[in-house]
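**Student:** One structure is given below, represented as structure tokens, and several questions about it will come after.
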Amino acid sequence: MLIFSKELIPTEDNPHPLLKLTGSERDKFAIQSFAFTLLTIVVLYVIPNLYWLEVLTTNTSLFFLETFNFRPRYFVYEDSLDALPAFDLLMYTAGDSIRATYPSISIETGAVPNHYLIVKACTGMQAGALLLGLIWSTPSKTGDQIRASYLILIALFLGNTLRIASMIAITTILTVDFNLPYEPSWDYAHNIMGRPLGFFGTIGFVAIIEKSGVKLLDTITVWIDSLMYNINRVFDKVFPKKK
């Protein structure tokens, strides 16, 4: 958490104090808040194994699929560590020194079942770490930051598991009821349907944070303003305008 002066915390009389920062003060805040957000992503998403979250995400997605009678099956997929890139190998050996394991969902679709591996990127924690970094790098009341943090984690987890269950359900319907091959069915569910859901979900998550009293968009605006100002300043020095 960054330490801010009270003048940067929004009030009814001054709801957007960040947007009034100029010059070196604006650049200093932009650098510090961006660095803190980046560090949060590394600490919460890049470094941890997060196998426990993969399991929780899998089981919750399984619950939603069972609710709508898709009859999924939980299993653990094991892969040889020899096939993993060096960085993934380091992350997985931290939690499992023998095998690289992935919690998975299997759906019977006829002669060959479809398997869905829930890997680290499926947990949604990359977005969660980014949003938490932004929440705690944005000047706000501590109570508002705490409320925004737990609300966004709950909303992100439920929204992400529903998204996973929906993509598996759509793929199953297309392959079983419409006899389409698995690959185009999954591409339709994951890319054509899943990405718009992720986009509008992100807008919803930002709205939840803003409603909680954390002016997240102000921090992003300061980042952009500071970046564009310094780019233009460098550009003007390299290519001075002719008088």
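The values are calculated or read from the model by the stated rules, or taken from the named source; none is laboratory data. Since the model is a prediction, treat every value here as computed from it, not as a measurement. With ideal geometry, Cβ positions are generated from the backbone for all residues, glycine too; neighbour counts draw on all protein chains shown.
**Student:** Just to be sure before I move on: is residue 53 at pLDDT 85 or above, over 22 Å from the mean Cα position of the chain (by Cα) and part of a helix (DSSP H, G or I) in the structure I sent?
**Tutor:** On the way: at pLDDT 85 or above: yes; over 22 Å from the mean Cα position of the chain (by Cα): no; part of a helix (DSSP H, G or I): yes.
It is false that residue 53 is at pLDDT 85 or above, over 22 Å from the mean Cα position of the chain (by Cα) and part of a helix (DSSP H, G or I).
**Student:** Can we say residue 214 is in contact with a Ser or Thr (Cβ under 7 Å, 6 or more places away or on another chain), farther than 14 Å from residue 114 by Cα, among the aliphatic types (A, V, I, L, M) and surrounded by 15 or more Cβ atoms within 10 Å (Cβ to Cβ)?
**Tutor:** yes
**Student:** Among the numbered criteria (1) touching a residue at least 24 places away in the same chain (Cβ under 8 Å); (2) part of a helix (DSSP H, G or I); (3) of a type outside the set (D, E, K, R), which single criterion is violated by residue 214?
**Tutor:** Condition (2) is where residue 214 drops out.
**Student:** Taking the range 110-132, which residues are more than 22 Å from the chain's Cα centre (by Cα) and either in a helix (DSSP H, G or I) or surrounded by 15 or more Cβ atoms within 10 Å (Cβ to Cβ) (or both)?
**Tutor:** 114 - this is the single residue of the range 110-132 that is more than 22 Å from the chain's Cα centre (by Cα) and either in a helix (DSSP H, G or I) or surrounded by 15 or more Cβ atoms within 10 Å (Cβ to Cβ) (or both).
**Student:** Here is a check on your reading of the model: is residue 102 at pLDDT below 95, of a type in the set (Ser, Thr, Tyr), within 22 Å of the chain's Cα centre (by Cα) and not in a helix (DSSP H, G or I)?
**Tutor:** In short, yes.
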